[in-house]
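The values are calculated or read from the model by the stated rules, or taken from the named source; none is laboratory data. Remember, it's a predicted structure, so these values are computed and weren't measured experimentally. Don't worry about glycine lacking a Cβ; one is built from the backbone with ideal geometry, like all the others, and counts go over all protein chains shown.
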Amino acid sequence: MASGTEEGSKADSELILETISALNDKNGCNKSAISKYTETKYGNLLPSHWSLLTAHLAGMKDSGSLLFIKNNYFKPGSVAPRKTKLLPRGTVLPPPRPCGLPHKLKDPLAAAVAKFAAGFSRAPWAPAQGR
């Protein structure tokens, strides 16, 4: 990577775009792949190469020169748009499934006994408490 001047930044941007084009991976290129390619092509690099590369990639991503998708860098326009399935007109989709487990069914007899028992403060045959 070159110096921090504007001229050096342009050269670095061109170098990064050239590297991405040369690697020509449909899944894009991550930072380490770009760094390895640059090192093999240009030999010994500055010790601060990794941090300079990180800064240039971030700047290019922010300016729109590169796309960053799933930790990989792409040139704009090189990523094919997602294909969506079109449904024929009049197709009715089923309602979405609820999340989680289904509710437990309540026992109607147990509910009736609990409701009946709730009407009594105590069992009629039990002695009153507190005497």
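Under the condition of being at pLDDT 75 or above, exposed (fewer than 10 other Cβ atoms within 10 Å of the Cβ) and assigned to a loop (DSSP other than H, G, I, E, B), the residues counted in the range 106-131 number 1. In the range 28-65, the residue that is surrounded by the most Cβ atoms within 10 Å (Cβ to Cβ) out of those that are touching a Ser or Thr at 6+ places or on another chain (Cβ under 9 Å) and assigned to a loop (DSSP other than H, G, I, E, B) is G28. Step by step: first the residues of the range 69-99, then only those that are among the small types (G, A, S) and under 19 Å from N27 (Cα atoms), then the one that is modelled with the highest pLDDT. Which residue is that? Checking each candidate, the answer is G77.
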